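See structure below.
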């Protein structure tokens, strides 16, 4: 069940870059969402420009594989945002749009989950962190269906179960654990300041839904699965394209070298 967790009794190194990415994203998320709480659409667009600059800057130090994963995560998550918010009404932003900072924000959040997942801290204390996340999210989910809060959260409890399935059966448990921290951070801030609000009743299932749902990190498990699967395909296509390009250049060189003497 824990075959994809890091090995025990290994001295995993700490890399400053991983912690910088995480700290920078946590800070940017808080500043962005609080700034957008009462901002005009023009300020939203300016925050979007800043988001793309920050994301591109962070990706400069990453491998091609991670860059492709982030790009796929941004595309998939942005499509999901437009479907879930303006179209379905599962949650609603202040201007009933998808703010300009959301696409690059998804990239930064995904990169943060990857950075924390590979960090020495998460690698060394994977099982302890897993126990903490399960306990916190589990209590949160039980509270949501206990009847105590005015707005129930059956959807959150369902998502928590999905999260557990990904955590113990998925290929990237450390990414899922890291995603819990950054997604919980942004969801609690965003809903608290009114940047967006989740519908009391989920439009698809018709179940009570928290603001935010307790197991919301489960959605990033899906994003990660798509990013990992998609990146493998894209990288393979790029490799084949590069091979055919080199083959074409070799043929051209051979043809030119075989000209009339």
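Computed from the coordinates by the stated procedures, all read-outs in this text should not be read as laboratory data. These numbers were taken from a predicted model, which means no experiment stands behind them. Cβ atoms come from the backbone with ideal geometry, glycine included; neighbour counts cover every protein chain shown.
Descriptive notes on the structure:
- Residue order, fewest to most beta carbons within 10 Å, for 114, 136: 136, 114
- Crossing angle, helix 41-59 versus the chain [Cα axis fit, 0-90 degrees, rounded to tens]: 50 degrees
- FRET E, pair residue 23, residue 98, Förster distance 30 Å, beta-carbon r, rounded to 0.05: 0.70
- Relative to the longest principal axis of the Cα atoms of the chain, the long axis of helix 64-82 lies at roughly 40 degrees.
- Residue 60 paired with residue 188, simple spin-label distance in nm, labels 7 Å along Cα-to-beta-carbon: 3.3 nm
- Note on the chain: helix-only mean residue ellipticity at 222 nm, from DSSP H runs of 4+ residues weighted -39500 (n - 2.57) and normalised by residue number, equals -23500 deg cm²/dmol.
- Given their separation in residues at 0.36 nm each and the Cα-Cα distance between them, residue 4 and residue 67 gain 20.4 nm when the chain is fully extended.
- Computed from label points 7 Å out along Cα-Cβ, the spacing between residue 88 and residue 125 is 3.5 nm.
- By other beta-carbon atoms within 10 Å, ranking 238, 158 with the fewest at the front produces 238, 158.
- Sorting 91, 176 by the number of Cβ atoms found within 10 Å of their own Cβ, with the fewest placed first, yields 91, 176.
- FRET efficiency for residue 42 and residue 197, using Cβ-Cβ distance with R0 set to 25 Å, rounded to 0.05: 0.65
- Label separation (residue 15 vs residue 139): 3.4 nm, computed from points 7 Å beyond Cα along the C-beta direction.
- Taking Cα atoms only, the orientation of helix 154-169 departs from the longest principal axis of the chain by about 40 degrees.
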